[in-house]
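Asks: I'd like to ask you about the structure that follows.
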Amino acid sequence: MSNPLTVLLIEDNLTIASQVCDFLEGVGWQVDHTVKGAQGIELALAQVYDVVVLDLNLPDIDGLEVCKSIKQQALTYLPILMLTARDAFEDKADGFGMGADDYVTKPFELRELVLRCSALARRNNLHNNKILRVGNLEVDTAKRTASRSGSVLQLTKIGFEILSVLAQAYPQPVTRSVLIHKVWADDPPDSDALRTHIFSLRSALDKPFNSPMLTTIINVGYKLEIKQECIKEPRNEV
């Protein structure tokens, strides 16, 4: 699929969750699933997702409160689609009032869920700034160029894709699995390819400068970090 999404499903009905996960993964998307609202909040704030699909009748926290918590605490805009049996107008009003971006009642058509998630992600991308800035790093996603302290970075196509994902997620880390999914979709490379591209990206992004930005999070993935030294100009090689 050309634009694979990463989705967080918060749903305690295991039959529905299994159907949704199987269908979304069948179109090439990556899905994380939890049955608890508290864990859903934790995942939504710690990982990178394009859309959250949220049930309201959860065993520990009402879905409305989960939606409110995510919207209040998320560092970047994260679309939330409520998927619930509560079909009264008042329920929908409460959902949108808590920050939901879309509302689908059960029973529902799985194909419609795909369309609605795609629309939310696409709408989010349209409103996102095409120029991402992290410290002295600037990534132009429209022109597909990147520079640091005004110096143009010589990046490979894959290197630019990786940097774009990390810049969009900043300051959150991106797991290896999400990074691979975002860059290669349903055609993942061999296990050493990501490491090779990360090495190449570091050579362009960090080597000419006094302070590294690309950080490895052990057993997790990668993230961009801003350090005070990042404001310095590139060092002169002799």
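Asks: Quick one: angle between helix 193-205 and the longest Cα principal axis of the chain, in degrees between 0 and 90, rounded to 10, please.
Replies: In the chain, helix 193-205 runs at an angle near 50 degrees to the longest axis.
Asks: In what sequence, largest accessible area first, do ARG122, ARG116 appear using a 1.4 Å probe? The partial results should precede the final answer.
Replies: Working: ARG122 135, ARG116 75 Å².
Largest to smallest exposure gives the sequence ARG122, ARG116.
Asks: In the structure shown, do any of LYS71/LYS227; LYS92/LYS143; LYS36/LYS143; LYS36/LYS157; LYS68/LYS130 have a Cα-Cα gap over 31 Å, and if so which?
Replies: Working: LYS71/LYS227 28 Å; LYS92/LYS143 40 Å; LYS36/LYS143 41 Å; LYS36/LYS157 39 Å; LYS68/LYS130 27 Å.
Checking Cα-Cα distances, LYS92/LYS143; LYS36/LYS143; LYS36/LYS157 exceed 31 Å.
Asks: Tilt of helix 157-169 relative to the longest C-alpha principal axis of the chain, in degrees (0 to 90, nearest 10)?
Replies: 60 degrees
Asks: Which value in deg cm²/dmol, rounded to the nearest 500, describes the helix-derived mean residue ellipticity at 222 nm for the chain, given -39,500 (n - 2.57) per DSSP H run of n ≥ 4 and division by the residue count? Mind showing how you got there, number by number?
Replies: Values: 8 runs with 96 residues, N = 238.
My calculation for the chain gives -12500 deg cm²/dmol from helical runs alone.
Asks: So, one more: At 1.4 Å probe size, with the rest of the protein present, what percent of the exposed accessible area of the chain is carbon and sulfur atoms? The partial results should precede the final answer.
Replies: Numbers: 6230 of 12260 Å².
Taking all protein chains in place, the chain shows 51 percent carbon and sulfur surface.
Asks: Here is a follow-up. Hey, if we sort ASP206, ASP190, ASP32 by accessible area with the 1.4 Å probe, largest down, what's the order? Please list the in-between numbers first.
Replies: Details: ASP206 15, ASP190 105, ASP32 55 Å².
Ranked list, largest accessible area first: ASP190, ASP32, ASP206.
Asks: Okay, next question. Mind running the shape call on the range 1-129? Use the C-alpha gyration tensor, a ≥ b ≥ c as the square roots of the eigenvalues: rounded below 1.5 for a/c, prolate if a/b tops b/c, oblate otherwise. Kindly include the intermediate steps, with their values, before the conclusion.
Replies: On the way: a/c = 1.28, a/b = 1.10, b/c = 1.16.
Here the range 1-129 falls in the rounded category.
Asks: Please compute the net charge surrounding GLU11, taking Lys and Arg as +1 and Asp and Glu as -1 over other residues with Cβ under 11 Å from its Cβ. Mind dumping the intermediate values first?
Replies: Details: positive: LYS36, LYS106; negative: ASP12, ASP55.
Neighbour charge sum, excluding GLU11 itself: 0.
Asks: Restricting to the chain, what percent of DSSP beta bridges are antiparallel, rounded to 5? It would help to have the intermediate numbers written out before the result.
Replies: Working: 16 of 32 bridges.
Given both bridge residues lie in the chain, the antiparallel proportion sits at roughly 50 percent.
Asks: For the chain, what's the relative contact order in percent, using C-alpha pairs closer than 8 Å and at least 6 residues apart?
Replies: Numbers: 378 pairs, mean separation 37.2, N = 238.
It rounds to 16 percent for the chain.
Asks: Please list, in chain and number order, the residues 5+ apart from ILE80 or on another chain whose amide H is under 5 Å from its amide H, with Hs placed from the backbone.
Replies: VAL52, ASP101, ASP102
Asks: Quick one: P(r) of the range 1-76 from all Cα-Cα pairs, 10 Å bins, percents rounded to integers, in order of increasing distance.
Replies: Binned Cα distances yield the sequence 20, 52, 25, 2.
Asks: Same structure, new question: Grab the other residues whose beta carbon is less than 13 angstrom from that of CYS21, score K and R as +1, D and E as -1, and report the net. Please list the in-between numbers first.
Replies: Values: positive: none; negative: GLU11, ASP22, GLU25, ASP32.
Residues close to CYS21 contribute a combined charge of -4.
Asks: Let me ask another. In the neighborhood of PRO173, defined by Cβ-to-Cβ distances under 11 Å, what is the net charge if each Lys or Arg adds +1 and each Asp or Glu adds -1?
Replies: Values: positive: ARG176, LYS223; negative: GLU225.
Neighbourhood net charge equals +1.
Asks: Tell me whether the range 60-105 comes out rounded, prolate or oblate; compute the Cα gyration tensor, take square roots of the eigenvalues as a ≥ b ≥ c, and use a/c under 1.5 as the rounded threshold.
Replies: Verdict is prolate for the range 60-105.
Asks: With an 8 Å Cα cut-off and a minimum separation of 6 or more residues, compute the relative contact order for the range 68-124 in percent. Please list the in-between numbers first.
Replies: Details: 48 pairs, mean separation 21.1, N = 57.
About 37 percent, as a whole number.
Asks: In nm, give the distance between the simple-model label positions of LEU14 and ARG195, each being 7 Å from the Cα along the Cα-to-Cβ direction.
Replies: For the pair LEU14/ARG195, the computed spacing is 3.7 nm.
Asks: Could you order the peptides 215-223, 195-203, 44-52 from most to least packed, using the average number of other C-beta atoms within 10 Å per residue?
Replies: Working: 215-223: 14.1, 195-203: 15.8, 44-52: 21.0.
Ranked by mean Cβ neighbours within 10 Å, highest first: 44-52, 195-203, 215-223.
Asks: Hey, what did the range 1-134 get for relative contact order, percent, Cα under 8 Å, at least 6 apart? Can you show the working numbers first?
Replies: Numbers: 206 pairs, mean separation 28.8, N = 134.
Rounded, it is 22 percent for the range 1-134.
Asks: Still on this structure, I have one more. Points 7 angstrom from Cα along the Cβ direction at TRP184 and GLN39: gap in nanometres?
Replies: Reported label-point gap for TRP184 and GLN39 is 2.8 nm.
Asks: Also: Compute the long axis of helix 110-127 from its Cα atoms, compare it with the longest principal axis of the Cα atoms of the chain, and write down the angle in degrees, 0 to 90, nearest 10.
Replies: 40 degrees
Asks: How many angstrom lie between the C-alpha centres of the range 83-109 and the range 24-64?
Replies: 16 Å
The values are calculated or read from the model by the stated rules, or taken from the named source; none is laboratory data. From a predicted model like this one, the values you see are computed outputs, not experimental measurements. Cβ sites come from the backbone with ideal geometry, for glycine too, and all protein chains shown count toward neighbours. Keep in mind that these areas ignore ligands, DNA and RNA; they rest on the heavy atoms of the full protein, side chains included. Shrake-Rupley method; radii C 1.70, N 1.55, O 1.52, S 1.80 Å.
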